[in-house]
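All remarks here apply to the structure that follows.
The values are calculated or read from the model by the stated rules, or taken from the named source; none is laboratory data. Everything quoted here is computed from the prediction, not taken from an experiment. No Cβ is skipped: glycine too gets one built from the backbone with ideal geometry, and neighbour counts run over all protein chains shown. Quick note on the areas: whole protein, heavy atoms, side chains included, nothing else; ligands and nucleic acids left out. Shrake-Rupley method; radii C 1.70, N 1.55, O 1.52, S 1.80 Å.
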There are 4 protein chains.
Amino acid sequence: MVGGFTRDTMVEITNFIVKAIDSISDDEKNHMIDELLEAYKRGARVLVMGAGRSGLVGKSFAMRLLHLGYHVYVLGETIVPRIREGDLVIAISGSGRTRLIVTAAEAAKIVGAKIIALTTYPDSPLGRLADIIVRIPGRTKIAKEEDYFTRQILGIHEPLAPLGTLFEDTTMLFLDGVTVELMKKLGKTEEDLRNEHANIEL
Amino acid sequence: MVGGFTRDTMVEITNFIVKAIDSISDDEKNHMIDELLEAYKRGARVLVMGAGRSGLVGKSFAMRLLHLGYHVYVLGETIVPRIREGDLVIAISGSGRTRLIVTAAEAAKIVGAKIIALTTYPDSPLGRLADIIVRIPGRTKIAKEEDYFTRQILGIHEPLAPLGTLFEDTTMLFLDGVTVELMKKLGKTEEDLRNEHANIEL
Amino acid sequence: MVGGFTRDTMVEITNFIVKAIDSISDDEKNHMIDELLEAYKRGARVLVMGAGRSGLVGKSFAMRLLHLGYHVYVLGETIVPRIREGDLVIAISGSGRTRLIVTAAEAAKIVGAKIIALTTYPDSPLGRLADIIVRIPGRTKIAKEEDYFTRQILGIHEPLAPLGTLFEDTTMLFLDGVTVELMKKLGKTEEDLRNEHANIEL
Amino acid sequence: MVGGFTRDTMVEITNFIVKAIDSISDDEKNHMIDELLEAYKRGARVLVMGAGRSGLVGKSFAMRLLHLGYHVYVLGETIVPRIREGDLVIAISGSGRTRLIVTAAEAAKIVGAKIIALTTYPDSPLGRLADIIVRIPGRTKIAKEEDYFTRQILGIHEPLAPLGTLFEDTTMLFLDGVTVELMKKLGKTEEDLRNEHANIEL
């Protein structure tokens, strides 16, 4: 039974995510799912973007989209094709203010891609660019003060988990949930995913 | 309140992690913490490695080690220096059989680095190479059958979360816990971490 | 007019490459071109792999394959699908002994992919795994002594360019040449390439 | 003796680079070398940035800076620390207009880092942000028309090498030259570089 601050932090994060499940909007999630199902049907390209640890959460989801059969790419990697009208961008930023992500989302907007933003701040520069927003609670790496949305979950305690951890972990599990919902709606089994999983990988 | 399979999966994963907190060994965690504290003191290099989504979890932890002041590197990135005796390797593989990770860990062993393995299978090729093992429950992307360790947590139900998801998410939260424990033991505040956080990032 | 060691080195490298043009086999190049044309026709996946600076040269070529319309991937990146029989692997290693590349090529061999190796040493572990070898002169980062093939070009002088530089730069220009030959044979114009070039990129 | 368009292109590129050696300014190169020597002495951080193939050329140089003993990082990779006043940014963009690179350079400017730009267009947004410019001839991936600087080298012929190839390859060899000049001025041997070269790498 793991103890110490490692235990306390794991308990804190799981408690936070359990409450986040109740505060994330089902409508917002359904919009995201619908867009992803549409993108699948028309063979659209999906470009995932995020900076730092949010970017890594995005990459984790991008791998699952690949396993589901999507034409998916990650900003900053070698293999990124042209994005066109009708393509889909998934941008992850707790604050919605990460400079390079906002710049990239603006570029995506100009070429006519649809933008799904996962952010704590719908009223941020990224949020205002987005066609679809899924609001994920969490503290951002920028501000020490949480918005009311996140504060309701955290209560008055200062969390142990530093910087954007709560946002990143909540987004990770949310997107793992979205993966399963897409599996069910696309009629894909775990075996189908395994068949697209890299067999030579680092 | 998010619903559908997204909700069910998020509930499943958090339940799994809550139980995993009780099944991860405190001794193993403490060994890992001690090695990391020692590595910090002697300014050792830390090389993090993992394939696929496990690799992304490793990168998330590597970022936190950077914020804590470590000389940390990630296998497969541009900037990876020579690893020497006394350096530390953190290898993440649910199955402990990921070919390139085992090969890289063997190379690390030869040069005299100490290896911490996070794996579900202590008796795997990676586990046998490791100096320190932290056993993390989870299903692997390879086998549909879980070992007894994981089965105790999962019960008889087939999980919704596909492939290595449970291992990856549990490892993510465990390493976020380790981060906080290192913060406390190194006397670092959130402000200290913010001061090393990238200000130009993608 | 740039001077100093920068000039001397640039002159040395261009002289080396000019001579390398005469020592690279046209047959070997043609085999590589034919395999790539075949792969294009059958929509095969192409996986590019190399370590360190050779890996970066591989990524540069992979971008061009993307612009040419290939389904191309790079080992170590997020988006790498399953490789199957009939897929193509392009492995770059001057010495032909880079451990992780040899391991990855072995894995590719097992699943039935065809392997094109760019190496100075046809008789290396990588060379022996390959279906097609294109021999590129150069010194390797491992050995100070060059083989006879490279020594004929270098003469008796110790080159200024350190480690694998000559191999890497020669391979870079060779693959840029292969790109143009593929363009011509696939009937693609610069405009076609531009139309697939990333418009949102880092 | 390699033939076909592969040969023609390799000949074209080496001819271009040979002429570029005469058109790159020695003063500009010396300013760059001086800044890099200063950065070495004060242990400054060096952040290398470029998009697409220019970014890969930047990564190749970043590896050599690592081998030379620099604290060097690459934009877009996992391990990127805070950049501060007195740190050095090396930005590579043929057109000087690559959106994310200009945005990142602006951010670097704000925090007080010094910016070295390698570009064909000194009067571009990136050029205007830079403290030091090294002008490298080449066509950009954006414009079909070359500036007078590049046209003098190319003559009236349309080059075979598509998009930014001439810029990228010239920059690659220029930076390999800078590497040797830094080696000499820092008193480093090939053996010193080898001692910092990754021994576990992909």
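Data table
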| item | result |
| --- | --- |
| Verdict on A:A113 being farther than 22 Å from A:L173 by Cβ and of a type in the set (A, V, I, L, M) | yes |
| Given (1) at pLDDT below 95; (2) open to solvent by 20 Å² or more (accessible area, probe 1.4 Å); (3) touching a Leu at 6+ places or on another chain (Cβ under 8 Å), index of the condition C:R139 fails | (2) |
| Selected residue [more than 8 Å from every other protein chain (Cβ to nearest Cβ), open to solvent by 10 Å² or more (accessible area, probe 1.4 Å) and closer than 23 Å to D:A51 by Cβ] from A:R45, A:R99 | A:R45 |
| Cross-chain or 6+ apart pairs with Cβ under 7 Å, segment C:183-200 first and more than 7 Å from chain A (Cβ to nearest Cβ), then exposed (fewer than 15 other Cβ atoms within 10 Å of the Cβ) and at pLDDT 95 or above | C:K185/C:L37 |
| Whichever residue in segment B:17-31 is without any contact (Cβ under 8 Å) to a residue 40 or more places away in the chain and within 7 Å of chain A (Cβ to nearest Cβ) and, among such residues, is least open to solvent (accessible area, probe 1.4 Å) | B:I21 |
| Residue tally, condition without any contact (Cβ under 8 Å) to a residue 40 or more places away in the chain, of a type outside the set (G, A, S) and either part of a helix (DSSP H, G or I) or within 8 Å of another protein chain (Cβ to nearest Cβ) (or both), over segment C:66-96 | 11 |
| Subset of segment C:48-71 [more than 12 Å from the chain's Cα centre (by Cα) and within 13 Å of C:A91 (Cα to Cα)] | C:G52 |
| Residue that is farthest from the chain's Cα centre (by Cα), among those in segment D:102-122 that are without any contact (Cβ under 8 Å) to a residue 24 or more places away in the chain and open to solvent by 20 Å² or more (accessible area, probe 1.4 Å) | D:I110 |
| Pairs where the first residue, in segment D:147-175, is more than 20 Å from D:G58 (Cα to Cα) and the second is of a type in the set (K, R), C-beta under 6 Å, 6+ apart | D:I153/D:K19 |
| Any chance C:G112 is within 22 Å of C:K29 (Cβ to Cβ) and touching an Asp or Glu at 6+ places or on another chain (Cβ under 8 Å) | no |
| Subset tally (residues that are part of a helix (DSSP H, G or I) and surrounded by 24 or more Cβ atoms within 10 Å (Cβ to Cβ)) for segment A:123-136 | 1 |
| From the options A:F149, A:F174, residue that is in contact with a helix residue (DSSP H, G or I) (Cβ under 9 Å, 6 or more places away or on another chain), closer than 20 Å to B:G3 by Cα, among the aromatic types (F, W, Y) and more than 12 Å from chain B (Cβ to nearest Cβ) | A:F149 |
| Residues located in segment C:5-16, provided they are within 19 Å of D:D8 (Cα to Cα) and either surrounded by fewer than 20 Cβ atoms within 10 Å (Cβ to Cβ) or at the interface with chain D (Cβ under 7 Å from one of its Cβ atoms) (or both) | C:I13, C:T14, C:N15 |
| Qualifying residues in segment D:58-87 (those that are touching a Leu at 6+ places or on another chain (Cβ under 7 Å) and under 15 Å from D:A117 (Cβ atoms)) - the one surrounded by the most Cβ atoms within 10 Å (Cβ to Cβ) | D:L75 |
| Residue count for segment C:37-55, restricted to those that are in contact (Cβ under 8 Å) with a residue 12 or more places away in the chain and outside any loop (DSSP other than H, G, I, E, B) | 13 |
| Residue list for segment D:144-153, filter: part of a loop (DSSP other than H, G, I, E, B) and open to solvent by less than 30 Å² (accessible area, probe 1.4 Å) | D:E146, D:D147 |
| Boolean, A:R53 is basic (K, R) and buried (at least 23 other Cβ atoms within 10 Å of the Cβ) | yes |
| Residues that are charged (D, E, K, R) and either touching a residue at least 40 places away in the same chain (Cβ under 8 Å) or not in a helix (DSSP H, G or I) (or both), drawn from segment B:1-16 | B:D8, B:E12 |
| In segment D:154-202, the residues that are farther than 25 Å from D:T14 by Cβ, open to solvent by 50 Å² or more (accessible area, probe 1.4 Å) and part of a helix (DSSP H, G or I) | D:K185, D:E191, D:D192, D:N195 |
| Which numbered condition B:A62 misses (of (1) at negative phi; (2) more than 9 Å from every other protein chain (Cβ to nearest Cβ)) | (2) |
